[in-house]
Amino acid sequence: MNIKWKTALGWLGVAITVVFSGLWAYWGSFENFHEGWYSSFWENLGMYLFQYLLFTIVFVLLALIILKWKKIGLAVHILVGGFCVWFFSGAVFNVLWLLVIIPFAVLGLLYYFGDPRPVKWAKRLIIFVPLIIILAISVPQGIRVSQ
C-alpha cells in the first residue's frame, strides 16, 4: 500500500474517532447534569467519568494505544468489541452494533493499515476535541447545578 493511502486511512480513523468520542462527550456531559447531582461531589465525578464519559474515554484510549502499538492496539480493539457484545447482549442493534461494535472494528482496521502523519497532530486532535467539548458543556452546567 502506498504512503498516500496509508496516510488517508490513518486520518480517516482519526476523524471517525474524533466524531464518535466528541458525540459521546457531548451526550455524556449533558446527560450527567440532566440526571441531577447528588450530595457528594466525588460520587458525582465518579458517575460522570465511569457512566457518562466511558465511551469517550474508551475511544480515545483505544486510538492512543493503536497509534503507539499497532498489533496490540488491534487486539485490544477486538477484545473490547467482544466484551461489548457480551456485556450489552440485550441492547438494540442500532445502539450496540452501529454505535459501538462496528466503529471499534472499523477503527481498529483503519489504524492498523493506516498511518496518520504527523502522529503528534493526530494525538492532539484525539485528546483535545472531546476534552474541549466536555469542558464547554460541563463548566456552565456545573455552575448551574451548584447554585
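The values are calculated or read from the model by the stated rules, or taken from the named source; none is laboratory data. Predicted model only: the values in this text are computed from it and were never measured. Side chains are part of the model used for accessible areas, which takes the heavy atoms of the whole protein and leaves out ligands, DNA and RNA. Shrake-Rupley method; radii C 1.70, N 1.55, O 1.52, S 1.80 Å.
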Note on the range 9-147: contact order normalised by length, alpha-carbon pairs under 8 Å, 6 or more apart, percent, works out to 45
In square angstrom, what is the accessible area per residue of the chain with a 1.4 angstrom probe?
61
So the carbon and sulfur contribution to the accessible area of the range 94-133, 1.4 Å probe, in percent, is 78
Suppose only helical runs count, i.e. DSSP H with n ≥ 4. What mean residue ellipticity at 222 nm does that imply for the chain under -39500 (n - 2.57) per run, divided by all residues and rounded to the nearest 500 deg cm²/dmol?
-26500 deg cm²/dmol
Could I get the Rg over Rh figure for the chain? Both from C-alpha atoms, Rh via Kirkwood, rounded to two places.
1.02
Rounded tilt (10° steps) of 54-68 against the dominant C-alpha axis of the chain
30
Helix axis angle, 3-35 relative to the chain longest principal axis, alpha carbon, degrees:
10
